[in-house]
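The values are calculated or read from the model by the stated rules, or taken from the named source; none is laboratory data. Quick caveat: nothing in here was measured; it's all calculated off a predicted structure. When we count neighbours, we look across all protein chains shown, and the Cβ atoms used for this are built from the backbone with ideal geometry, even at glycine.
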Amino acid sequence: MGTVPSALKHCLSYQHLLKEQLWIAEPPAAAHPAQEPQASGLPEYIKIVEVGPRDGLQNEKVIVPTDTKIELINQLSKTGLPAIEVTSFVSSKWVPQMADHKEVMRGIERHPGVQYPVLTPNLQGFHSAIAAGATEVSVFGAASESFSKMNINCSIEESIERFEEVTKSARNMNIPVRGYVSCALGCPYEGNVVPDKVAESSAFRKLKDLRTQHEKEVSKRLYSMGCYEISLGDTIGVGTPGSMKKMLEAVMKEIPLSALAVHCHDTYGQALANILTAIQMGVSVVDSSVAGLGGCPYAKGATGNVATEDVIYMLNGLGISTGVNLCAVMEAGNFICTALNKKTNSKVAQASFSTRTTN
Amino acid sequence: MAAARRLLPRWAGSLRPVSSAAAATGAYPKRVKVVEVGPRDGLQNEKNVVPTPVKINLINMLSETGLQVIEATSFVSPKWVPQMADHTEVMQGINKLPGISYPVLTPNLKGFQAAVAAGAKEVSIFGAASELFTQKNINCSIEESLERFDEVLKAAREASIPVRGYVSCVLGCPYEGKISAAKVAEMGVSVVDASVAGLGGCPYAQGASGNVATEDLVYMLNGLGIHTGVDLQKLMDTGTFICNALNRKTNSKVSQASCRL
């Protein structure tokens, strides 16, 4: 085999290679007019919901200065992303990272055509968000009783009651509400019985069945109380294409496909496979986080959110339009990783020599 | 040697295949053969030269996981690939368990003969879908490489030795860019190559990853109810061993997500 150093020397500039492979400069249709991506049955367009500034940063250990958060969001606003989750109006006692929610909300540039949803766990948070200028909010449910209790300190039923207050107020003010359902494919507290050789133990299966039931019910309740979109979260990233398919089949019986989104974590390296499965079933909204920000709070040292760059790379390759400029996202990723003094979790970013174009 | 042991968290659930009814009917194969390329492809792309006993132990540990095919080494000139200079010692040193294949790379007739002399019972040859890549990588054209392989195939046939063929650059070439799909036939794939701990960076992109991690692949196949015969926990233990020996972090996400004891 040839020696690597001389091979590298002769290699085409990687930026050139990326441009060629990723159709960064042009949307898929323009670059390959002969291509028929939709013959495969995949959606023509996928909306990417960028959760890095909220979900991502919330799960980073280092507290990020307000200015840095604002700069990150401003950079993301220029990439073509249609929705960027900005912050969370939750008590700073619980989530210190989001203590500056008002300043961030007021400090960011609001680009026309871009949505800037914020989390509002209850009516108080909702009012605070509106006062700070929010025009879209999100509520976070869970398909697991244990997770609900451990995460927001109340039962699923109680949490639904709180969200109903939020959605009622939101409806009166014409504010769209997005619903999240955590633990769609597994729970860090309830997965406590390992399946045996022959079949899953009945206790484990019972808990799993209950979660599937909750998944359907919570999604249905959130949708019927007025959430325009339900994001189904594989919170601990344990899902695989088979379990994703089963879960979606169950939920699709209750909620129209157009209202569904997937929020896949890459903790076990399964995110892109799971996302591909979901879009093959017709899901056309995908959550992701720039640079794969946000580790997994349930597995020390593990990764969490899937990287926006890697998702876009895959969708570009499938000829699916997203409206997002991959290079610009990589720049924003580079910015925040430098600020956080950490390496990116995006494989596409890792594979690039530099995020700055040389030509 | 107190290596920290990683265990899959109890909620992970994909240690063994879920009931096979979960595998989508008709869409996926029932069984997938996982070909472990860590000891060769993986180590070859690692910067640190690994001592022979470590290589032998790695292969022996992999032999206990249920993997059916483990690519052991490469009979190529040590001038080109110093990492594989100990090919004869490795081949002769490993425990060859019944039912497991230990293919070795043989770029030409000379390598093939050395491999057989060292006890190899299966060999592999490496072609590429790109002219430029072939030139840069093995210093000849695609046509010339095929002629060399013909010699190997002929000798292998006479010795009743099975030969596996690799085609590089099927989805893209670091020199030529995109590769036409027409060059590559793609039908009903039920054999997948992977590397324990995702060993082996990409020599064409500094700092980037290379091989997919066997642990992550097996995790996915387990979740799909596809049978591989591989014990994921033993595989993870093997990954921990080689990462400690190489003093590097694993590239396997499943491993990263697992608790340490």
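Taking segment A:233-258 as the range and being of a type in the set (Gly, Ala, Ser) and crowded, with 21+ Cβ neighbours inside 10 Å as the test, the residues that pass are A:GLY233, A:GLY237, A:GLY239, A:GLY242, A:SER243.
You will find that of A:LYS69, A:LYS93, the residue that is basic (Lys, Arg) and modelled with pLDDT of 95 or more is A:LYS69 and no other. Sort out which residues of segment A:274-285 are out of contact with any strand residue (DSSP E or B) (no Cβ under 6 Å at 6 or more places or on another chain) and either surrounded by fewer than 22 Cβ atoms within 10 Å (Cβ to Cβ) or more than 11 Å from chain B (Cβ to nearest Cβ) (or both), and write them in order of number. Within segment A:274-285, A:LEU276, A:ILE279, A:GLN280, A:MET281, A:GLY282, A:SER284 meet the criteria.
Total residues in segment A:109-157 satisfying the condition of being closer than 22 Å to A:GLN213 by Cβ, part of a loop (DSSP other than H, G, I, E, B) and free of Cβ contacts under 8 Å to residues at least 12 places away in the same chain: the figure is 2. A Cβ distance below 7 Å, combined with a sequence gap of six or more or placement on separate chains, defines the contacts here; from segment B:176-202, residues that are modelled with pLDDT of 75 or more reach residues that are part of a loop (DSSP other than H, G, I, E, B) and of a type in the set (Asp, Glu) in the pairs B:LEU199/B:GLU46; B:GLY200/B:GLU46.
Taking the conditions (1) more than 16 Å from B:GLN113 (Cα to Cα); (2) touching a helix residue (DSSP H, G or I) at 6+ places or on another chain (Cβ under 9 Å); (3) part of a loop (DSSP other than H, G, I, E, B) in turn, B:GLN83 satisfies each one other than (3). Condition check: within 14 Å of chain B (Cβ to nearest Cβ) and in contact with a helix residue (DSSP H, G or I) (Cβ under 7 Å, 6 or more places away or on another chain). Does A:GLY269 satisfy that? So A:GLY269 passes the test. Taking the conditions (1) at pLDDT 80 or above; (2) within 14 Å of another protein chain (Cβ to nearest Cβ) in turn, A:LYS220 satisfies each one other than (2). The residues of segment B:118-144 that are part of a helix (DSSP H, G or I), in contact (Cβ under 8 Å) with a residue 24 or more places away in the chain and not aromatic (Phe, Trp, Tyr), listed by number, are B:GLU131, B:LEU132, B:LYS136, B:ASN137, B:ILE138. Across segment A:235-246, the number of residues qualifying as modelled with pLDDT under 90, under 18 Å from the mean Cα position of the chain (by Cα) and part of a helix (DSSP H, G or I) comes to 0.
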